[in-house]
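The structure appears right after this line, and notes come after that.
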Amino acid sequence: MSKNVLVLADVRDGELRNVSLECLAAASQVAEGGVVTAAVFGSDAKGQVDKLSHHGADQVVTVSNPKLDQYTTDAYFQAFKQVIDKTDPDVIFTGHTAVGRDVSPRIAARLGLGLVSDCTAVDFSDGKIVFTRPIYAGKAFVKKAVREGKVFATLRPNNIAALEADTSRSAVAEELEVDIAEDSLRTLVKELVRKTSDGVDLSEARIVVAGGRGVKSADGFKPLEELAEVLGAAVGASRGACDAEYCDYALQIGQTGKVVTPDLYIACGISGAIQHLAGMSNSKVIVAINKDPEASIFSVADYGIVGDLFDVVPMLTEEFKKV
Ligand code: FAD
């Protein structure tokens, strides 16, 4: 049976986040001939229409209200609810990003939708959409389906491949006027201060070079940053490194940090505590560099290098420079 699917696109610094394109791929998979609609908010929403249509949207609803330029729960809730009322979707997807994690429970609770969050796969079984999501800090996976009514799911970045861009596709674009009253906003973003560099976004990076307490100091991150630059990777960290003030908490990966699923994860001087593994053990290929051959990180690693990271990392950088 065909389904109408709505994707809330996530835009950062004027760029669509890759996970929004991955949501469109999942939407195309479950629509079975139904309409795939993308919703995009903010002053430059109209500039995203082509890319969304090239990646699978049949229809794009833009809400260009400048009150949506910076995410706030109240403003996004109002706009998103109006898009849902207008498009009446059977299924809703958004990325499991900071925005998706915040807005999805509010929408689901207010509209009485079944919510499955942080999904890593979407399939069909007995006519139902079945979502796979990790549990117990990534140690096991559970399959879930919503019994009745509309379904809302957030998708973990880097798990479902986006569709190849098809530039011959064009979507029906429609601007929706949404009045957002000033006094309905209980919070206001006054200033945005970025703690991370302008480099590759950690949660969507294809390659992550992460450092732990083994880097020994803030300067100890330099060889990792050089390797990351050569590989086009993002730099991440264990909580051990953050707690020791070698780097900012924005880089923390794990149970209480970011969850990443890159194609390649290079762990340098990280012991592999369960709380760290919760954030990275689903990476496709894991390389661990640690001078302790008994370190737990080797139990999840595809490739292990027993050695001093200050010898190994610069060697890798030199070798990758030659490629
Ligand atoms: P360590 O455990 O100290 O390991 C350092 C490693 O570096 C060692 O294995 C050592 O052999 C190696 N090493 C040292 N020098 C070198 C060298 N020169 N070359 C190569 N290897 C070297 N942790 C997270 O990471 N993320 C989380 O989100 C998180 N959430 C937590 C939540 C809770 C509620 C709790 C209780 C803990 C949490 N932790 C988290 C902390 C976690 O338990 C570990 O303490 C932390 O991950 C350890 O960081 P580490 O591996 O960098 O440090």
Legend entry - Candidates per GluC sites (Glu not before Pro) in the range 2-53, loop by DSSP, up to 14 other Cβ within 10 Å: Glu32
Legend entry - Neighbour-limited loop hits for GluC sites (Glu not before Pro), the range 263-323 (at most 14 other Cβ within 10 Å; DSSP other than H, G, I, E, B): Glu294
Inset, instruction - Two decimals is fine: what's Rg over Rh for the range 218-323, C-alpha atoms, Kirkwood radius as Rh? - result: 0.93
Inset, instruction - Calculate the spin-label point distance for Lys322 paired with Val306, positioning each point 7 Å from the Cα along the beta-carbon direction, and give it in nanometres. - result: 2.6
Inset, instruction - Just subtract the alpha-carbon distance of Lys222 and Lys81 from 0.36 nm times their residue separation and send over the number in nm, one decimal. - result: 46.2 nm
Legend entry - Of the trypsin sites (Lys or Arg not before Pro) in the range 276-323, those whose Cβ has at most 15 other Cβ within 10 Å and which sit in DSSP loop: Lys284, Lys291
Legend entry - Spatial extent of the chain: Rg and Dmax, with the Cα atoms as the point set, Å: 20.9, 60
Legend entry - Gain upon complete extension [Ala137, Lys284; 0.36 nm per residue less C-alpha separation]: 51.2 nm
Inset, instruction - For the range 2-123, just run the numbers: alpha carbon Rg, then divide by 2.2 N^0.38 Å, N being how many residues it has. - result: 0.95
Inset, instruction - Just the number, please: percent antiparallel of the DSSP beta bridges in the range 114-214, rounded to the nearest 5. - result: 70
Inset, instruction - Indicate, rounded to the nearest 5 percent, the antiparallel portion of the DSSP beta bridges found entirely in the chain. - result: 20
Legend entry - Percent antiparallel among DSSP beta bridges (both partners in the range 1-154, rounded to 5): 40
Inset, instruction - Calculate the radius of gyration of the Cα atoms of the range 63-211 to one decimal place, then report Dmax, the largest Cα-Cα distance, as a whole number, both in Å. - result: 17.6, 49
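Just so you know, all these numbers are worked out from the coordinates, no wet-lab data involved. Computed from a prediction, not measured in an experiment: that's the story for all the values here. Every residue, glycine as well, gets a Cβ built from its backbone with ideal geometry; the counts of neighbours run over all protein chains shown.
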